[in-house]
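The structure appears right after this line, and notes come after that.
FYI, it's all coordinate maths here, none of it is from the lab. Keep in mind it's a predicted model, so treat the numbers as computed, not measured. When we count neighbours, we look across all protein chains shown, and the Cβ atoms used for this are built from the backbone with ideal geometry, even at glycine.
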Amino acid sequence: MIKTYFALTLLFIMLVFSVIPVRAQESIHPSEFELARRTYTDTLDQYRTKEQKFFVLREQYKQLQTLASLEDVVRASKNVQLSRIDTLLAYFSALQLYINDLKGADVQKKADISNRLQQATLELNIAKQQIQKATDRIVLDKLATQYESRNNTYTSVAYATLSLIRIANIQTATDQLGLLSSQVFESIQQSSPSAAVFSEKQRGYDELARTIGTIKEFIAKGMNRYESNLGNDFTQSSYSQLVDLLGSGYTKLKQGESFIKELAQ
Amino acid sequence: MIEENQTQFIEDQVLWQDQTHTVPQHIEVPTQIPLHTPEQKKKKLLIIGGSIFGGLFVLTLIMMMVMGIGRNSMRLVPETTPKPIVKQEDDAFTKAFKLLQQDIVKADPTTGDLPFPPVNPALYIAREN
């Protein structure tokens with residue numbers, strides 16, 4: 001009887017392993033940035049839960065005014081402040097990885113942004129240690145004030161990084177468009193078309209070159225705005241203005257995409 | 001020490017006893033009563049084992065259906081008129097154009113990735129936000 005069951009178990013295991021494909025083979029290995037972004041998303045989710053709990057307990061403390069409710073809210077305050085810092089650390093880590101692989105940006109500008117990210121990370125780690133040591137509401141509220149006074153700095157670092165990323169990405173695409181348009185025109189010349197066809201292609205190429213020129217103007221304007229903002233604090237508003245400006249350049253980029261497709265036909 | 005026969009008094013005497021119908025003082029009760037015969041045991045074990053394997057088999061079938069293995073195995077059945085698979089190589093322009101399209105998608109400033117985390121900058125215990 002035992003032998004029969006042993007044989008059946010073995011058969012079952014063999015059946016399972018022979019029919020179920022190894023899922024790991026199908027999954028694509030995520031990049032280091034992708035992993036960092038997932039970590040950031042998870043940390044943000046945890047923060048939201050802790051923030052909600054903190055608000056509930058703070059309200060409870062306001063109503064009850066007991067030592068027990070104070071103890072609860074102090075613990076929740078510590079947790080939510082630590083979680084807020086962890087969220088920012090994960091966020092800056094993801095940005096750092098993005099910047100490391102960023103193409104189309106000036107090396108010096110990348111290095112400057114990288115330094116600012118590292119500085120912010122260092123500050124946050126110090127703040128984290130202070131919160132970990134804190135035990136009462138006075139110290140925790142003092143650390144909350146300290147964070148609030150530094151929040152604009154962190155926002156500024158983030159939006160400066162995002163601005164550089166947006167400019168660099170549109171620069172990369174424009175460079176690629178310029179390179180491809182030259183190659184296409186070169187191949188048109190080599191194919192020795194008729195005078196009428198060549199004239200048409202030449203006009204198309206010139207129009208494409210003008211479009212690329214316009215995109216470059218938008219990028220230059222964007223870069224000027226970026227540099228002028230570096231002196232001040234980058235805000236969400238200044239970032240949105242930059243995005244709007246680059247948006248006009250992007251529309252031209254899309255136009256260039258359709259032009260080159262027509263030119264190659 | 002408790003007497004075994006609790007109904008019997010110490011100094012009682014038998015007034016009359018029917019010699020033909022004597023009640024035995026101790027009745028031998030078997031300590032282990034066989035509830036099931038070996039055949040019944042075997043049958044029971046077979047039912048339990050069969051149920052477990054049946055359950056596992058059904059579970060495997062469900063897993064296969066969920067993971068789409070059923071569909072994959074159906075593909076193994078040869079078609080009546082197999083179509084030849086022609087793999088077309090992209091030319092240099094198509095390859096470069098696809099790369100350009102990827103760059104253009106990435107360059108869209110409106111689909112901003114990683115905005116600043118929506119954390120509350122003012123988390124005080126005893127101060128209104």
ask   = Can you flag which of A:62/A:142; A:216/B:95; A:221/A:261; A:216/A:254; A:221/B:98 are past 22 Å Cα-Cα?
value = A:216/B:95; A:221/A:261; A:221/B:98
query = Under a GNM of chain A (C-alpha, springs under 10 Å), which listed residue has the highest mean-square fluctuation: A:143, A:67, A:57?
reply = A:67
message = If you take each beta carbon of peptide A:167-178 and count the beta carbons of other chains within 10 angstrom, what is the mean?
response = 4
note = With residue A:150 itself left out, Lys, Arg at +1 and Asp, Glu at -1 over residues whose Cβ is under 12 Å from its Cβ give -2
request  = Could you work out the mean count of beta carbons from other protein chains within 10 Å of each residue's beta carbon in A:137-146?
outcome  = 3
ask   = Among the lysines, which have Cα under 20 Å from the Cα of residue B:42 when same-chain residues fewer than 8 positions away are ignored?
value = A:3
task = Work out, step by step, the length gained on full extension between residue A:32 and residue A:265: first 0.36 nm times the residue separation, then minus their alpha carbon distance; give nm to one decimal.
result = 80.0 nm
key: Inter-site label distance for residue B:99 and residue A:56 at 7 Å from Cα along Cβ, in nm   = 5.4 nm
ask   = For chain A, which semi-axes, largest first and in whole Å, follow from the square roots of 5 times the eigenvalues of its Cα gyration tensor?
value = 50, 36, 14
query = Working out 0.36 nm times the residue gap between residue A:206 and residue A:235, then minus their Cα-Cα distance, what length gain in nm do you get to one decimal?
reply = 6.6 nm
inquiry  = Within a 10 angstrom radius of the beta carbon, how do B:58, A:107, A:74 rank from fewest other beta carbons to most?
reply    = A:107, B:58, A:74
Radius, Kirkwood style, for the stretch A:169-261 when every pair of distinct Cα atoms is counted (Å) = 14.7 Å
inquiry  = 7 Å from Cα along Cα→Cβ at both residue B:62 and residue A:190: what's the point-to-point distance in nm?
reply    = 6.2 nm
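Across the residues of B:94-107, average count of Cβ atoms on other protein chains within 10 Å?
Details: counts 1, 0, 7, 7, 0, 3, 12, 4, 2, 13, 12, 2, 6, 18.
Counting Cβ atoms of other protein chains within 10 Å of each residue's Cβ and averaging gives 6.
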task = Could you work out how far apart the two model spin labels at residue A:248 and residue A:139 are, taking each label as a point 7 Å from the Cα in the direction of the beta carbon, and quote it in nm?
result = 5.4 nm
ask   = Can you give the angle from 0 to 90° between the axis of helix A:236-264 and the longest principal axis of chain A, with both taken from C-alpha atoms, to the nearest 10?
value = 40 degrees
